[in-house]
Amino acid sequence: MNEPVSAHYRGGGSLAAKIAIGIRDAGLEPNSFRASDFEPIDEFHFRGREATLQLLKQLNLNQTSKVLDIGSGLGGVSRTMAEEVGVHVTGVDLTQEFCDAAIAISAWVNLGDRTSFLQGDATDMPFPDDHFDGAVTVHVAMNIPDKAAMYSEARRVLKSGARFGIYDILQGEGGEVLYPTPWAANPSISHLATPEEMSAHIMSAGFRILSESDSTSESYHWLKERTTKSPSTSPLPVTTQLLFGTDAAKMAKNQLKGLNERRMLTYSFICEA
Ligand SMILES: C[S@@+](CC[C@H](N)C(=O)[O-])C[C@H]1O[C@@H](n2cnc3c(N)ncnc32)[C@H](O)[C@@H]1O
């Protein structure tokens, strides 16, 4: 059932090697960068590292916290948390290719001891009950039809009182999403919930919602700036373009229209287990 989702993300394969080649082609070495330099490719969500830092501030973590990153992708969110707070982060992601790239990037930036990544499904995670002190999930639920299973798994593996930060793409009131998007080439693997449906799923799983916020307008302006100006100030010569290939321009156009017309929303929830 999940094969079409991981096939969508893994593209042609050998992602870590492609990133290394892109860096070396520019006369640089992968291990000469800082973790935050990888933002153009590894913070694979609207508003990049800034959005991760906003979420992080609200999670009450300290150096001894064990944190879970559900749908960790290339590991940018995990490394930002590990670097900023000194926590240990475990990332779980459906796409093996992304887990391999996440492990490689962590090794390049010397965060291999504070981050670990493993392949797994958010709806059936390989962790014991009451295990983590905090969790995040960033731009993942839009690929998961069974959100009840996803959030009850998150609740199961979190200790009581732990915080869970959710930052996701939701269905807006402005009409259907336009495809292709970065998370789906067509509607068959896209499963957006409305804000009301999302709140209901989160609460049914046993979480208390402490706050929620709609960042759609900020995401629109962020993407507009990113697509009209140079992509970022990072010295890294590779970007998420490496993942999207020839569809990148079409995806950006669809997302700009989608955010502007509120067909799609970016939304965060801070929850307590
Ligand atoms: C848009 S990327 C976001 C990655 C990362 N959270 C970030 O913000 O940089 C979506 C990720 O969700 C993962 N994913 C989709 N369905 C999943 C599932 N059922 N379980 C775990 N990961 C899943 C994909 O493999 C992909 O890495």
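Just so you know, all these numbers are worked out from the coordinates, no wet-lab data involved. All values derive from a computational prediction rather than experimental measurement. Don't worry about glycine lacking a Cβ; one is built from the backbone with ideal geometry, like all the others, and counts go over all protein chains shown.
Output the antiparallel fraction of DSSP beta bridges having both residues in region 54-182, as a percent to the nearest 5.
Numbers: 1 of 21 bridges.
Counting only bridges with both partners in region 54-182, antiparallel ones make up about 5 percent.
How large is the dipole of region 125-273 about the Cα centre if only Lys and Arg carry +1 and Asp and Glu carry -1, each at its Cβ, rounded to the nearest 20 debye?
Details: 14 positive and 17 negative charges, 94 e Å.
The calculated dipole for region 125-273 is roughly 460 debye.
To the nearest 20 Debye, how big is the dipole of the chain about its Cα centre, given +1 on the beta carbon of each Lys and Arg and -1 on that of each Asp and Glu?
Approximately 500 debye in magnitude.
Residues with beta-carbon under 11 Å from that of LYS147, excluding LYS147: net charge, scoring Lys, Arg +1 and Asp, Glu -1? Before the final figure, lay out each step's value.
On the way: positive: none; negative: ASP146, GLU153, ASP168, GLU197.
Summing Lys and Arg as +1 and Asp and Glu as -1 gives -4.
Out of all DSSP beta bridges in region 3-272, what portion is antiparallel? Express it as a percent rounded to 5. It would help to have the intermediate numbers written out before the result.
Working: 17 of 37 bridges.
The antiparallel fraction comes to roughly 45 percent.
Straight-line reach from LYS229: which lysines fall under 19 Å, measuring Cα to Cα and dropping same-chain residues less than 8 apart?
LYS250, LYS253, LYS257
Just add up the charged neighbours of LEU223: K/R +1, D/E -1, any other residue whose Cβ is under 12 Å from the Cβ of LEU223.
Net local charge, LEU223 excluded: +4.
Using modelled backbone amide H atoms (1.01 Å from N, in-plane), which distant-in-sequence or interchain residues come within less than 5 Å of PHE117's amide H?
GLY91
Given the rule -39500 (n - 2.57) for each run of at least 4 DSSP H residues, summed and divided by the residues of the chain, what is its mean residue ellipticity at 222 nm, to the nearest 500 deg cm²/dmol?
On the way: 11 runs with 107 residues, N = 273.
That calculation yields -11500 deg cm²/dmol at 222 nm.
Only Cα pairs under 8 Å and at least 6 apart count here; give the relative contact order of region 3-272 as a rounded whole percent.
On the way: 531 pairs, mean separation 59.9, N = 270.
Over region 3-272, the number comes to 22 percent.
How big is the dipole moment of region 62-206 about its Cα centre under a simple scheme where the beta carbon of each Lys and Arg is +1, that of each Asp and Glu is -1, and everything else is neutral? Debye, nearest 20, please.
Working: 8 positive and 19 negative charges, 71 e Å.
Roughly 340 debye, rounded to the nearest 20.
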